[in-house]
Amino acid sequence: MQPQDERHYERIYQVISQVPKGKVATYGDVATIVGDGCEAATVGQALGALGPRSVQVPWQRVIGRRGDKGRVTTSGLHQRDKLEAEGVEFDDRGLVDLGKFRWTGPSEDWARSHGFQMLPKEEGAPAVPDSQLRLF
DNA sequence: CACCTGACTCTAT
DNA sequence: AATAGAGCCAGGT
C-alpha cells in the first residue's frame with residue numbers, strides 16, 4: 001500500500017517516535033494525542049503501513065489495551081522480545097502493567113511546539129478541556 | 001458507491 | 001475466562 005493522502009499517518013509516526021525506550025503506549029493513547037478524530041484502529045492501520053520506515057519508528061512500543069493492562073497484538077514480529085530487551089516486563093499471562101510501563105505522554109514543550117495535545121492525566125481527570133478531546 | 005478488512009477497544013454474554 | 005458484537009476510521013477492491 002502506498003497512501004498518498006494519509007491525513008493522520010505522519011502525525012501518528014511523530015507521536016510514536018516520542019515514546020522512550022522502556023515505555024509503551026496503547027493504540028488508543030497515540031490516537032488521543034494525535035487528536036483530530038484519530039482513533040485506535042487508525043493507529044493500527046498506520047503501523048501496518050509503516051514498511052521501510054519501521055527502522056526509524058519504534059513501533060514495538062505501541063501495544064493493545066486490555067483494561068489496565070497492555071498486550072502485544074502482533075504476531076511474527078517478535079514485538080514482545082524487542083520490548084523485553086528494552087526492559088518492559090510481561091506477567092505470566094503476557095500482559096504489561098500499564099501503571100508501571102505506560103508512557104505518560106509527550107513533554108509539554110514538544111506537544112506545544114508540534115501542535116499535539118497531552119495525554120489526559122489519569123482515569124477521571126482529563127488534562128485538557130472536553131472541547132479539545134474527541135473521545136466519543 | 002457498496003462492501004470488506006484490520007497491528008483497536010469496550011460491553012455484554 | 002473465552003467469545004461475540006458493536007462502534008469507528010481509513011484503505012483497498
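The values are calculated or read from the model by the stated rules, or taken from the named source; none is laboratory data. Bear in mind the structure is a predicted one, so any value in this text is a computation, not a measurement. Please note: Cβ atoms are built from the backbone with ideal geometry, for glycine as well, and neighbour counts cover all protein chains shown.
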Test: residue in region A:41-48 that is surrounded by fewer than 17 Cβ atoms within 10 Å (Cβ to Cβ) and more than 7 Å from DNA strand B (Cβ to nearest atom): no
Tabulated pairs, region A:74-92, first in contact (Cβ under 8 Å) with a residue 24 or more places away in the chain and surrounded by 11 or more Cβ atoms within 10 Å (Cβ to Cβ), second among the aromatic types (Phe, Trp, Tyr) and not in a loop (DSSP other than H, G, I, E, B), C-beta under 9 angstrom, 6+ apart or interchain: A:Leu83/A:Phe101; A:Val88/A:Phe101
Any hit, region A:80-88, residues being within 13 Å of DNA strand B (Cβ to nearest atom) and within 11 Å of the chain's Cα centre (by Cα): no
Test for A:Tyr9: is it under 11 Å from the mean Cα position of the chain (by Cα) and surrounded by 12 or more Cβ atoms within 10 Å (Cβ to Cβ): no
Condition met for A:Val34 (away from DNA strand C (no atom under 11 Å from the Cβ), under 20 Å from A:Gln117 (Cα atoms) and either buried (at least 17 other Cβ atoms within 10 Å of the Cβ) or modelled with pLDDT under 95 (or both)): no
Residue within region A:87-97 that is out of contact with any Lys or Arg (no Cβ under 9 Å at 6 or more places or on another chain) and either more than 12 Å from DNA strand C (Cβ to nearest atom) or at pLDDT 95 or above (or both) present: no
Residue check for A:Val24: in contact (Cβ under 8 Å) with a residue 60 or more places away in the chain, in contact with a helix residue (DSSP H, G or I) (Cβ under 6 Å, 6 or more places away or on another chain) and more than 9 Å from DNA strand B (Cβ to nearest atom): yes
Residues of region A:14-31 classified as more than 10 Å from the chain's Cα centre (by Cα) and either within 16 Å of DNA strand C (Cβ to nearest atom) or over 18 Å from A:Gly99 (Cβ atoms) (or both), total: 2
